[in-house]
Amino acid sequence: MEGKKSPGGAASPALAGGGDGGGDGGGDGGDSRACVSDHKYNSLSQFLSRSFTITTVPFYLSKFIETLSHTQDKAKKNKNKMSKYNKLQGTRVLVIGGTSGIGYAVAEAALESGATVYVSSSSQAKVDAAVARLREHAEVVQREPLAADGRACDLGNVAAAEANLVSLLGWATDGRSSLLDHVVFTAGDALDRTPLGEATGEGILAGFHVRVVAAVLLAKLLPQFAARSNRTSYTLTGGSLTARPAPGLGLVTGIGAAVEGYARGLAVDLRPIRVNVVQAGAVRTPLLGDNPEVLARFARDTITGTVGRPEEIAEAYLYLMKDSFITAAVIESSGGRTVGASQEVSEFN
Ligand SMILES: NC(=O)c1ccc[n+]([C@@H]2O[C@H](COP(=O)([O-])OP(=O)(O)OC[C@H]3O[C@@H](n4cnc5c(N)ncnc54)[C@H](OP(=O)(O)O)[C@@H]3O)[C@@H](O)[C@H]2O)c1
């Protein structure tokens, strides 16, 4: 049996093979049915699939485009699903004290999580070094180098601290045109280990300048420079000594307690901006030093039997930034030191 001819004279395999009987059964080898088939086929692709050989190309092409756009739609949907927990993506994070130790790790972690990070501390040289390291890390995790920047801001002088903070916050927000999503305060100068018997009023107050007074002044300024939302956070830093004091460190213990008390009050005053504290145990940073005997003593003083690493405790800060339901809270990353020590645990093992 001879296939029906197309207008161009080519035989259609579909028509030649009988197809699905899509024709009306009548006709005399006519031509018009093969040409325009609005009534006979539900879609153009159906028509093409039943049409001439030459039209099988557009058919596959249309199928390909259909599949591609379906895949793209799916990818878009999946991207939205992924971003459900990728909460730091595209945020603006300022870490005061972010040039060293815990603060540096927080900045690095935030950068890795898709945030643009700004670090600050009193020394411009330390800021420059930290920014250079962060930009190197940015390259490793395939971020733009400009996703990290820094600027010096000395908080040691109570009289100048507020003006210094205003200048820093103005810079980190491009003159308040891009508000901050998260601010982390890890700045802390050398701890005063003066025994209680030798304490002076001035010495006691000096211990509060950076960790407490500057942190509270920053809270005062925050509503002008941070987004007014419960997705915005301010995270302070305390220490596990507050929960479990150690002999001879009574003065230091009080500083951490003040930080925790202020954080609760500030969480109420700054709402909806959330305010929380990370209570740090012994973490291996320049502040702690690298004396092996001292480090071993700190390690024995925990249930984990370890000294913390900055990249471990950084997760606590990340969590406090991401959970928009947590405020006025203190979370502890201290190897369980407030509960026990590794020696005690090993006795039961
Ligand atoms: N590491 C621990 O074991 C541990 C335990 C409990 C609590 N903490 C607390 O955690 C916080 C961070 O400690 P860390 O161990 O990460 O210490 P770190 O490595 O010494 O970092 C401290 C940061 O604070 C900055 N800083 C110091 N004085 C400043 C000032 N006057 N103005 C502005 N920034 C200043 C430092 O940079 P510049 O020198 O450039 O100013 C540095 O960036 C501190 O409050 C500390 O007391 C630490």
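Coordinate-derived values only; no laboratory data. Not measured: the values here are computed from a predicted model. Neighbour counts run over all protein chains shown; Cβ positions are idealised from the backbone, glycine included.
Taking other C-beta atoms within 10 angstrom as a stand-in for reagent exposure, Leu318, Leu221, Leu94 fall in the order Leu221, Leu318, Leu94, fewest first. Determine the distance separating the Cα centre of the range 89-126 from the Cα centre of the range 238-261; give it in Å without decimals. About 25 Å separates the Cα centre of the range 89-126 from the one of the range 238-261.
Grab the Cα-Cα distance for Gln89 and Val141, subtract it from 0.36 nm times how many residues apart they are, and report the gain in nm with one decimal.
Roughly 17.4 nm would be gained on extension.
Which three semi-axes in whole Å describe the equivalent ellipsoid of the range 199-281, each the square root of 5 times a Cα gyration tensor eigenvalue, listed largest first?
Numbers: eigenvalues 136, 42, 13 Å².
Working from the Cα gyration tensor, I get semi-axes of 26, 14, 8 Å.
Exposure proxy shown here: for Val259, Val277, Val252, the number of other Cβ atoms within 10 Å sets the order, fewest to most, as Val252, Val259, Val277. Going from the fewest other Cβ atoms within 10 Å to the most, the residues His209, His182, His137, His70 appear in the order His70, His209, His137, His182. Considering only Val278, Ala107, Tyr262, and ranking their Cα positions along the charge dipole of the range 88-333 that arises from unit charges at the beta-carbon of Lys, Arg, Asp and Glu, the one farthest toward the positive end is Tyr262. The residue list Ala132, Val252, Ala316 was ranked by how far each Cα lies along the charge dipole of the range 88-333 toward its positive end, using unit charges on Cβ atoms, and Ala316 comes out on top.
For the range 240-349, chymotrypsin sites (Phe, Trp or Tyr not before Pro) are listed when DSSP marks them as loop and at most 12 other Cβ atoms sit within 10 Å of their Cβ; the list is Phe325. Rg ratio for the range 268-349: its Cα radius of gyration over 2.2 N^0.38 Å, N being its residue count, equals 1.29.
Taking the charge dipole of the range 88-333 about its Cα centre, with +1 at Lys and Arg Cβ atoms and -1 at Asp and Glu Cβ atoms, the residue from Ser233, Cys153, Leu196 reaching farthest to the positive side is Ser233.
Place a +1 charge on the Cβ of each Lys and Arg in the range 169-219 and a -1 charge on the Cβ of each Asp and Glu, then give the dipole magnitude about the Cα centre in debye, rounded to the nearest 20.
100
Each principal axis of the range 85-227 carries a Cα extent, and these read 53, 30, 30 Å when sorted largest first. Our analysis of the range 88-333 gives Rg over Rh at 0.95, with the two radii drawn from alpha carbon positions and Rh computed by the Kirkwood formula. Give me the log10 of I(q) over I(0) for the range 172-316 at q = 0.18, 0.19, 0.20 Å⁻¹, as the Debye formula computes it from C-alpha points; what are the numbers? Rounded to two decimals, the profile gives -1.10, -1.18, -1.25.
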